[in-house]
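Scroll down for the structure; my scribbles are underneath it.
The values are calculated or read from the model by the stated rules, or taken from the named source; none is laboratory data. The model shown is predicted, which means the values in this text are computed figures rather than measured ones. A quick note on method: Cβ atoms are made from the backbone with ideal geometry, for glycine too, and the neighbour counts reach across all protein chains shown. Accessible surface is based on the protein model in full, side chains and every heavy atom, while ligands, DNA and RNA are left aside. Shrake-Rupley method; radii C 1.70, N 1.55, O 1.52, S 1.80 Å.
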Amino acid sequence: MTFDRRDFLKISAGAAGAAAVGGLTGCATSSASVGGAKAKIVVVGAGYGGSTFARYMKMWSPQAHVTVIEPNDFFTSCPFSNTVLGGINSMEDITFSYDTVKKQVDQWVADKVTAIDTGKRTVTTAGGKTFAYDRLVLAGGIELLFDKVEGYDAEARKTIKHGWKAGPDQTGVLRKQLEAMPDGGTFVMSVPMAPYRCPPGPYERACLVATYFKQAKPRSKVIVLDGNPDIASKKGLFLAAWKKHFGYGTDNSMIDYRPNNMPRSVNPKTMMVGTEFDDVKGDVINVVPPMRAAAITGMAGVRDGNNGTWCTIDYRTFESTVVPNVHVLGDSALTNFPKSGSVANNTGKMCAAAIAEILAGRQPDQAPVVTNTCYSATGQGTAFHVATVFRYDAAGNKMVAQKGGGVSKEESELEMAYMESWAKNVWADTLGLPESHNFSVKG
Amino acid sequence: MTLVAAGVLGSVAQAYAVDTRARFMAANCAYCHGPDGKSRGAIPSLAGMDKAYFVDQMKAFRDNTRPNTVMTKHAMGYTDAEYEALGAWFSAIK
Ligand SMILES: Cc1cc2nc3c(=O)[nH]c(=O)nc-3n(C[C@H](O)[C@H](O)[C@H](O)COP(=O)(O)OP(=O)(O)OC[C@H]3O[C@@H](n4cnc5c(N)ncnc54)[C@H](O)[C@@H]3O)c2cc1C
């Protein structure tokens with residue numbers, strides 16, 4: 001090419017976008033100037049968002065230099081982790097290697113980011129290494145705020161698990177606690193205030209634990225303490241499933257659902273959970289504390305939205321609206337999408353597509369379309385979904401849900417087969433699992 | 001000034017480059033239909049599908065003339081022109 005690439009690399013998504021919509025998006029001066037060298041892209045976090053982003057960035061812009069920083073040796077999926085609690089799958093079934101992603105990117109750093117300097121454009125890890133970036137992609141998921149629940153200190157966390165970040169020390173231990181619980185025991189779980197990671201997740205968890213009890217410990221109960229005034233997702237479908245399978249609404253219901261019951265305190269010695277109204281005793285306690293965007297977004301100063309809890313982004317690029325050249329993906333972003341693995345996977349591609357256009361000297365898509373689908377399992381061989389297509393509205397700078405979206409008519413075995421297929425495909429897409437990969441997960 | 005130049009380059013580059021918008025839209029189906037439309041499970045593959053068949057199916061989903069669990073909700077979110085672009089994209093995958 002005879003064009004000077006530097007000129008084009010200076011064009012920011014924000015500026016190009018602003019020109020197109022005739023307004024300012026808040027970061028019109030951002031720049032990806034890289035002096036003609038390979039653009040250095042540093043990705044923090046290789047979950048659903050970060051791993052997908054890194055893979056597609058390399059596929060769509062092979063000339064970009066992509067570094068991924070991720071402390072975990074393995075990818076453990078939150079989706080399907082409730083089926084581990086239900087005894088349908090094991091930890092191995094939802095755990096995958098990063099081998100393909102590691103080969104695809106230019107540099108893989110097995111470490112945790114501890115500091116970010118957006119002025120100098122550097123990222124520092126716990127191991128003391130510093131990495132310079134032209135564009136920084138933050139895909140750290142969520143930070144759990146234990147100090148918002150009285151007594152939920154480091155000692156209490158040895159006994160009380162949240163299971164909202166899947167892994168052997170969370171999902172694995174919680175499953176062992178359920179196995180050790182005597183018949184007739186009580187499982188006390190909680191639902192955080194919206195917006196939180198995976199809106200249907202807690203209600204699905206109630207189904208899966210009740211499934212295990214029904215089969216192995218039929219005199220046991222699930223108490224659901226919901227901080228929200230009502231079931232926050234797929235209400236009709238969950239209520240129907242609870243009634244059909246777990247006696248909900250009768251004296252023998254295995255599920256006791258309590259809205260407006262936010263856990264305020266936990267006590268691992270007395271095994272009590274305190275709410276505004278009640279003290280509830282559990283044999284196994286599973287409290288999910290309030291949450292906000294991952295700690296790394298705080299380090300970068302991009303946790304600006306919703307009273308400093310989530311990160312506002314430009315939907316065309318997923319670039320922060322407050323700090324240039326910093327992009328925020330997945331659960332950390334403040335959007336009108338549900339915080340799901342499906343969305344994190346898709347926003348990873350959206351961000352990669354936008355940066356690939358910018359690196360090629362073109363304007364990113366000004367009318368991107370993106371979709372979400374969340375399946376939920378009942379534990380009873382059936383599943384159901386909620387699905388929405390979103391289209392960017394430049395005038396309002398927002399994503400608009402298109403007509404026709406919504407939930408399944410009813411739970412079905414066919415949808416359980418599709419949910420299982422969704423999981424295999426989203427794992428294959430996020431991690432680049434080879435076509436020969438043998439999945440062991442069951443529906 | 002740079003923006004004008006970008007516009008020129010954009011149109012020049014797009015004349016012989018891949019349809020990157022279709023590429024992204026197609027990638028957006030991968031979480032269910034598999035990377036490159038090659039499914040690892042019960043959801044059908046889209047890779048290599050005949051374009052006319054593909055477009056017909058999207059229209060049938062949109063109009064609800066083909067029974068389905070989830071595809072009507074997705075098909076309703078895209079335009080006819082986008083069905084064409086997606087069909088061209090998937091049919092070209094080996
Ligand atoms: C029980 C449960 C069930 C769910 N079921 C579904 C479902 O069925 N379908 C669905 O679509 N979604 C589901 N979800 C939601 C889904 O798990 C999340 O939306 C998704 O994981 C978000 O992706 P992410 O990339 O933002 O974060 P994550 O996937 O959490 O990835 C974040 C990554 O960042 C890394 N990281 C964090 N801090 C640092 C640091 N300082 N330095 C380096 N790396 C760091 C972490 O190690 C991690 O690997 C479920 C969630 C839960 C809890």
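Data overview
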item: Filtered residue count, region A:399-443, keeping only those that are more than 23 Å from B:A26 (Cα to Cα), assigned to a loop (DSSP other than H, G, I, E, B) and either within 8 Å of chain B (Cβ to nearest Cβ) or of a type outside the set (S, T, Y) (or both); result: 9
item: Any hit, region A:371-386, residues being touching a Pro at 6+ places or on another chain (Cβ under 8 Å), away from the ligand (no atom under 11 Å from the Cβ) and under 24 Å from B:M76 (Cβ atoms); result: no
item: Residue among A:K165, A:K214, A:K161 that is more than 28 Å from A:P338 (Cβ to Cβ) and either assigned by TED's automatic domain parsing to the domain that holds A:K235 or touching a residue at least 60 places away in the same chain (Cβ under 8 Å) (or both); result: A:K214
item: Strands (runs of 3 or more DSSP E) enclosed by region A:119-174 - at least 1 residues per element that are within 16 Å of the ligand (Cβ to nearest atom) and open to solvent by 20 Å² or more (accessible area, probe 1.4 Å); result: A:122-125, A:130-132, A:142-144
item: A:F53 being in the same structural domain as A:E319 (by TED's automatic domain parsing) and touching a residue at least 24 places away in the same chain (Cβ under 8 Å); result: yes
item: Test for A:P195: is it more than 12 Å from the ligand (Cβ to nearest atom) and assigned to a loop (DSSP other than H, G, I, E, B); result: no
item: Residue that is within 15 Å of the ligand (Cβ to nearest atom), open to solvent by less than 20 Å² (accessible area, probe 1.4 Å) and under 27 Å from A:V407 (Cα atoms), where the choices are A:F246, A:F238; result: A:F238
item: First in region A:192-203 and free of Cβ contacts under 8 Å to residues at least 60 places away in the same chain, second anywhere and more than 11 Å from the ligand (Cβ to nearest atom) and not hydroxyl-bearing (S, T, Y), Cβ under 9 Å, 6 or more apart; result: A:A194/A:G227; A:A194/A:N228; A:A194/A:A232
item: Single residue of B:A75, B:A5 found to be open to solvent by less than 70 Å² (accessible area, probe 1.4 Å) and either modelled with pLDDT under 95 or away from chain A (no Cβ under 11 Å) (or both); result: B:A5
item: Region A:353-393, subset among the aliphatic types (A, V, I, L, M) and under 18 Å from the mean Cα position of the chain (by Cα), residue most open to solvent (accessible area, probe 1.4 Å); result: A:V386
item: Candidate set: region A:314-352, residues that are at positive phi and open to solvent by less than 10 Å² (accessible area, probe 1.4 Å); chosen: the one nearest to the ligand (Cβ to nearest atom); result: A:F318
item: Residue pairs meeting the criteria (Cβ under 6 Å; at least 6 apart or on separate chains; first at the interface with chain B (Cβ under 7 Å from one of its Cβ atoms), in region A:345-372; second part of a helix (DSSP H, G or I) and basic (K, R)); result: A:D365/B:R21
item: Check on A:S97, within 14 Å of chain B (Cβ to nearest Cβ), among the small types (G, A, S) and either within 14 Å of the ligand (Cβ to nearest atom) or crowded, with 19+ Cβ neighbours inside 10 Å (or both); result: no
item: The lone exception for A:I313 - which of (1) touching an Asp or Glu at 6+ places or on another chain (Cβ under 7 Å); (2) free of Cβ contacts under 8 Å to residues at least 12 places away in the same chain it fails; result: (2)
item: Matching entry among A:V284, A:V280, A:V288, A:V266 (being under 16 Å from A:M189 (Cβ atoms), touching a His at 6+ places or on another chain (Cβ under 8 Å) and open to solvent by less than 50 Å² (accessible area, probe 1.4 Å)); result: A:V288
item: So A:K112, is it within 14 Å of the ligand (Cβ to nearest atom), within 23 Å of A:A352 (Cβ to Cβ), away from chain B (no Cβ under 14 Å) and open to solvent by 10 Å² or more (accessible area, probe 1.4 Å); result: no
item: Condition check for A:A387: more than 9 Å from chain B (Cβ to nearest Cβ) and not in a helix (DSSP H, G or I); result: no
item: Filtered residue count, region B:39-94, keeping only those that are out of contact with any helix residue (DSSP H, G or I) (no Cβ under 6 Å at 6 or more places or on another chain) and among the basic types (K, R); result: 3
